[in-house]
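The next block holds one structure in the form of structure tokens; read it before the comments.
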């Protein structure tokens with residue numbers, strides 16, 4: 001499974017751990033590049049393990065709230081949104 005986190009210097013670190021494989025890690029300047037690399041490495045792990053993704057085992061969600069509190073807007077133009085995001089998905093594998 002890949003873990004992608006933003007470091008203090010604003011770069012993105014990818015760490016991929018999979019049972020039976022050596023840990024892989026790499027640092028990127030752009031999150032998009034980090035995600036792309038993680039997908040490629042995990043696909044290579046799947047080919048070597050001859051595994052096939054069968055279904056979702058579990059999914060974790062998080063949320064955050066966006067609210068405009070500026071004084072330049074009247075009450076009818078304020079922006080308020082509650083955003084839900086999927087943070088982690090675990091899959092069943094068929095060997």
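A few remarks follow.
- Options 43, 2, 38: the member that is surrounded by 13 or more Cβ atoms within 10 Å (Cβ to Cβ), within 18 Å of residue 90 (Cα to Cα) and out of contact with any helix residue (DSSP H, G or I) (no Cβ under 6 Å at 6 or more places or on another chain): 38
- Scan of the range 11-47 for residues that are modelled with pLDDT of 90 or more, in a loop (DSSP other than H, G, I, E, B) and under 20 Å from residue 87 (Cα atoms), ordered by number: 11, 30
The values are calculated or read from the model by the stated rules, or taken from the named source; none is laboratory data. All values derive from a computational prediction rather than experimental measurement. For neighbour counting, all protein chains shown are included, and Cβ atoms are generated from backbone atoms with ideal geometry for every residue, glycine included.
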